[in-house]
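Report on one structure; see the data block that follows.
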Amino acid sequence: MPHPQPRRSVLQALGATLFGLGFGGAARAQSAEVKIGVIYPLTGPAASTGAELKNALELAADIINNGAKAIADLPFAAGGGLPKLKGAKIRLVFADHQGNPQTGATEAERLITQEKVAALVGAYNSNVTATASQVAERYGVPFLNPESSSASLTARGFKWFFRTTPHDDLFVHNFFDFLKELEAKKNFKVGAIATFNENTLWGNETTKLQAKLAPEKGYQLVKQVTYPAKSTQLTSEVQTLKAANPSLVMQSSYLGDALLSMKTYKELGFSPDMILANNAGFTDTEFIRTLGKDAEFVITREVWALDLATRNPLIKQVNDLFFARHKANFTGNSSRTFTGLMVLADAINRAASTEPEAIRKALAETDLRAENLIMPWKGVKFDATGQNTLGRGILVQIVDGKYNTVYPFNLATREVTWPMPKWDQRK
Amino acid sequence: MTAEILLQTLASGVLIGLIYALVAIGLTMIFGVMDIVNFAHGEFLMLGMYASFWLFALFALDPLLTLPLTVLMLFAFGMLLYKLVIRRIIDAPMLSQIFTTFGLMILLRGVAQFLWKPDFRSIEGSWVSGSVKLAGIQLGRPQLVAGLGAIAVTALVHFFLTRTRLGAALEATAADKEAAQLMGIDSHRMFALAWGIGAACAGAAGVLLATFFPIFPEVGANFILLAFVVVNLGGFGSVTGAFWAGILVGVIEVMGGLLLGPQYKTAVVLVLFLAVLMFRPQGLMGKA
């Protein structure tokens, strides 16, 4: 018998499917602790992000188990574990997927069959989330994904998959919602739109959706430019944009090309009324540092910003706890991961059980409100595909070398500056 | 589409083309003299950029001021690389040579990422910034200076090759290694010199780019593919060929992008590359 392990796991999978129960389900007994498997890139290219997410998860688990008395609005702030499970504590079992989808699947299987976890949380990289959640689906174990944004993840018809973060499509919808609301507020009309996106999967998907949404929402799309991210120059791209003379450019770029495009805009004197950027390069810490005052007035989408704390005291209180431990603020990633575990804990508590089916049912019935979250969302409520329908992105504008929340308007810390001044009229 | 936009694009194409030329000149020289394709050539460019960056960040010395120093450093680095590594594979099969320089590429990128992190850096507040208006067209000052710098360095290399004894010896080695050796020319010295000059040219291109292009460990990859096209187009081993071909590729890239659509800009250049391979494999100025 040369390879007993894989064969056994195939048999187990088969058995689990046949009986229609999670394999580990029967073996899981009620106990004083609830094991939750977490799969993140703890080594490899995304290791620094993985470490940050691990910190956020540990903070969430610590608050649930030991309390954070000062923060009354936060669920479980009283401490003492999950009240409806006789105070059972949360225990996180970490697994490292190294950014590799195959490893992610193997680790998910190990957590389910050997560690017998009640549910899984992960996995940051969209492609790893895809494979790891497939394993969870097969075994019938709830998989909560706090931060992968590929829209296709919730289009698979999975029964055990739940995602709290808004996905890429939603973010593009946000752009158009913003334009509509801004027009109503400032009583003007946004002119023609051009899209300017890099040409890998992300940029192309975004381009397609923008091309579909712009006419639907009543906007004139005058030009669609895609470009290779590893360009040595963007002259012809910017000239093409300039010739189309749009008043708004919607742009998706990674850092290198975001910097290059901004410099080329300035050099060639291309001054649209606004650049509406799709995160990535435009929210990298290097973006403002490198461009200095040339970065001013750009609006980019974000998922979270520290200045939201002025509108939601919960954000500051939780961030202070995080800062005290790790000497770093929350980011768009760690804040979402923190929230993910809180949502899962809420569901397990309401389920009052560690049975997978009970947890799944409770997750599907989740109804958390904005004031109990550290995210700029309207709440957490899942639809039939497992997508949180109350999530939304925010838009931030760079003013005085900082990202300021400008949308949604009820969370804004600053009025939108529109249009951005022309290059030759800047100080 | 107005004449102004065409003229503007043409000018931008020529300026970026001059940088391509400078990168390609080093590459074509190394190949011309010793028939080795240097896949690590883009990394010389990267090292030149980082050298400028650190001299600027640590000592507040402007990249243009430190250009001679950086070029010397890269020259020494090229020679050293030859003595330590390339010398051992001169008579090795071509596949080993390819693996060696390819390995060097990965090594240098890895070391750069280890030492300087994968972050994007840039030089802010260099002497050259902003843009100038010339005959109705807008030219970035860093790009303009880089283009002029590229012309100057190319002229210097050309002068060295055609007007000095050492340059003549180098050309002789390129033409016929054995015959040159019989004339008393030390071929190992010439090879080392070719690597030194090759690295120095790429380093100079790096310095000139550093004033307007982001600096990161993988930056060489953006330029090396185009450099190979340029070398091929100009003719392997031809310095003047590489110069004109560099400009041509720059212009074709931006004009093709403007006229056919930016998503085709790389395709236009690569179609040209294929056409040259098919109909004139020795390149536009290469000797058959």
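Check A:Glu33: other-chain or 5+ apart residues with amide H under 5 Å from its amide H, H built from backbone geometry?
Here A:Lys89 satisfy the definition.
Do any of A:Lys186/A:Lys316; A:Lys159/A:Lys217; A:Lys263/A:Lys427; A:Lys180/A:Lys361 go past 26 Å between their Cα atoms, and which?
A:Lys186/A:Lys316; A:Lys159/A:Lys217; A:Lys180/A:Lys361
Can you tell me how the stretch B:184-278 classifies by the Cα gyration tensor, rounded, prolate or oblate, using a/c under 1.5 as the rounded cut?
Judged from the Cα gyration tensor, the stretch B:184-278 comes out oblate (a/c at least 1.5, b/c at or above a/b).
Using a 10 Å cut-off on Cβ to Cβ distances, tally the other chain neighbours for every residue of B:261-271 and report the average as a whole number.
Values: counts 8, 15, 7, 1, 8, 6, 1, 1, 0, 0, 0.
For this peptide, the per-residue mean of nearby foreign Cβ atoms is 4.
Short version: ³J(HN,Hα) in whole Hz for each residue of the stretch B:129-138, in order, from phi by Karplus 6.51 cos²θ - 1.76 cosθ + 1.60 (θ = phi - 60°), x for Gly and Pro, what are they?
Going residue by residue, I get 7, x, 9, 10, 9, 10, 6, x, 10, 9 Hz, with x marking Gly and Pro.
In what sequence do A:Tyr265, A:Tyr227, B:Tyr20 fall when counting other Cβ within 10 Å, fewest first? Write out the running numbers ahead of the final one.
Working: A:Tyr265 20, A:Tyr227 26, B:Tyr20 29.
The fewest-first ordering by Cβ neighbours comes to A:Tyr265, A:Tyr227, B:Tyr20.
Starting from the stretch A:183-215, pick out the trypsin sites (Lys or Arg not before Pro) whose DSSP state is loop and whose Cβ has at most 13 other Cβ atoms within 10 Å.
Taking the stretch A:183-215 and a limit of 13 other Cβ atoms within 10 Å, the loop trypsin sites (Lys or Arg not before Pro) found are A:Lys189.
Any idea how far the Cα center of the stretch B:185-209 sits from the one of the stretch A:124-176, in Å?
Taking the Cα centre of each part, the stretch B:185-209 and the stretch A:124-176 sit 52 Å apart.
Listing B:Trp54, A:Trp160 from the residue with the fewest other Cβ atoms within 10 Å to the one with the most, what is the order? Mind showing how you got there, number by number?
Working: B:Trp54 16, A:Trp160 24.
Fewest to most other Cβ atoms nearby, the residues stand as B:Trp54, A:Trp160.
Looking at the stretch A:114-145, which chymotrypsin sites (Phe, Trp or Tyr not before Pro) are in a loop (DSSP not H, G, I, E or B) and have at most 16 other Cβ atoms within 10 Å?
Details: sites: A:Tyr124, A:Tyr139, A:Phe143; in loops: A:Tyr124.
The qualifying sites: there are none.
Apply the a/c threshold of 1.5 to the C-alpha gyration tensor of the stretch A:46-112 and tell me whether it is rounded, prolate or oblate.
On the way: a/c = 4.16, a/b = 1.85, b/c = 2.25.
Note, shape of the stretch A:46-112 comes out oblate.
Please list log₁₀ I(q)/I(0) at q = 0.08, 0.10, 0.13 Å⁻¹ for chain B, using the Debye equation with identical point scatterers on the alpha-carbon positions.
Values, matching the q order: -0.33, -0.52, -0.88.
Of all DSSP beta bridges in chain A, what percent run antiparallel (nearest 5)?
Values: 13 of 48 bridges.
Around 25 percent of the beta bridges assigned by DSSP in chain A are antiparallel ones.
Show the residues, 5+ positions off or on another chain, whose built amide H is closer than 5 Å to the amide H of A:Phe196.
Correct list: A:Val225, A:Met250, A:Gln251, A:Ser252.
If you take the beta carbon distance between A:Lys159 and B:Phe160 as r and set R0 to 60 Å, what does 1/(1 + (r/R0)^6) give as a FRET efficiency, to the nearest 0.05? Walk me through the numbers before you get to the answer.
Values: r = 72 Å, r/R0 = 1.21.
With a Förster radius of 60 Å, E is 0.25.
How much FRET efficiency would the formula 1/(1 + (r/R0)^6) give for A:Lys208 and A:Ala324, where r is the Cβ-Cβ distance and R0 is 35 Å, rounded to 0.05? Provide the component values of the computation, followed by the final result.
Numbers: r = 45 Å, r/R0 = 1.27.
Calculated transfer efficiency: 0.20.
Percent antiparallel among DSSP beta bridges with both residues in the protein assembly as shown, to the nearest 5? All intermediate terms of the calculation are to be shown ahead of the outcome.
On the way: 18 of 53 bridges.
Counting DSSP beta bridges with both partners in the protein assembly as shown, the antiparallel share is about 35 percent.
May I ask you to order A:64-73, A:228-237 by the average number of other C-beta atoms within 10 Å around their residues, highest value first? Walk me through the intermediate numbers first.
Working: A:64-73: 15.7, A:228-237: 23.9.
Highest-to-lowest ranking by the protection proxy: A:228-237, A:64-73.
For a footprinting-style exposure proxy, rank A:Leu170, B:Leu182 by other Cβ within 10 Å, fewest first.
Numbers: A:Leu170 18, B:Leu182 9.
The order, fewest Cβ neighbours first, is B:Leu182, A:Leu170.
Could you compute the FRET efficiency for B:Asp62 and B:Val85, with r as their C-beta to C-beta distance and R0 at 41 Å, rounded to 0.05? Display every interim value, and only then the final one.
On the way: r = 33 Å, r/R0 = 0.80.
According to the calculation, E is roughly 0.80.
Which distance in nm do the two modelled labels at A:Thr385 and A:Arg289 give, with both placed 7 Å along the Cα-to-Cβ direction?
Result: 3.7 nm between the two label points.
Ordered by residue, what ³J(HN,Hα) values in Hz, to whole numbers, does the stretch A:260-274 give under the Karplus form 6.51 cos²θ - 1.76 cosθ + 1.60, where θ = phi - 60° and Gly and Pro are x?
In residue order, the calculated couplings are 4, 5, 4, 5, 6, 3, 5, 4, 8, x, 8, 10, x, 4, 7 Hz.
Given the Cα-Cα distance of B:Asp35 and B:Leu144 and 0.36 nm per residue of separation, how much length would full extension add, in nm?
Numbers: separation 109, 0.36 × 109 = 39.24 nm, distance 3.34 nm.
Between B:Asp35 and B:Leu144, full extension yields 35.9 nm more.
Can you compute 3J(HN,Hα) from phi for each residue in the stretch A:57-64, using the Karplus curve 6.51 cos²θ - 1.76 cosθ + 1.60 with θ = phi - 60°, rounded to whole Hz and x for Gly and Pro?
Once rounded to whole Hz, the list reads 5, 5, 5, 4, 4, 5, 5, 5.
Let me understand the stretch A:290-380 better: what is its radius of gyration from the alpha carbons, and its Dmax, in angstrom?
For the stretch A:290-380, the Cα radius of gyration and maximum Cα-Cα distance read 16.6, 55 Å.
How much length is gained on full extension from A:Ala243 to A:Lys86, taking 0.36 nm per residue of separation minus their Cα-Cα distance? Present the calculation step by step, with values, prior to reporting the outcome.
Values: separation 157, 0.36 × 157 = 56.52 nm, distance 6.76 nm.
Residue separation times 0.36 nm, minus the Cα-Cα distance, leaves 49.8 nm.
Treat each spin label as a single point 7 Å out from the Cα along the C-beta direction, and report the A:Glu415 to B:Gln263 distance in nm.
Here the answer is 4.1 nm between the modelled labels.
Compute the Cα gyration tensor for the stretch B:12-64, then decide on rounded, prolate or oblate, letting a ≥ b ≥ c be the square roots of its eigenvalues: rounded whenever a/c is under 1.5, prolate when a/b is larger than b/c in the other cases, and oblate in all that remain.
On the way: a/c = 3.32, a/b = 1.60, b/c = 2.07.
Oblate.
Taken together, the values in this text are just the output of simple stated rules run on the coordinates, not laboratory data. Here the structure is a predicted model, which is why all the values come from computation and not from measurement. In this analysis, Cβ positions are derived from the backbone assuming ideal geometry, glycine residues included, and neighbour counts consider all displayed protein chains.
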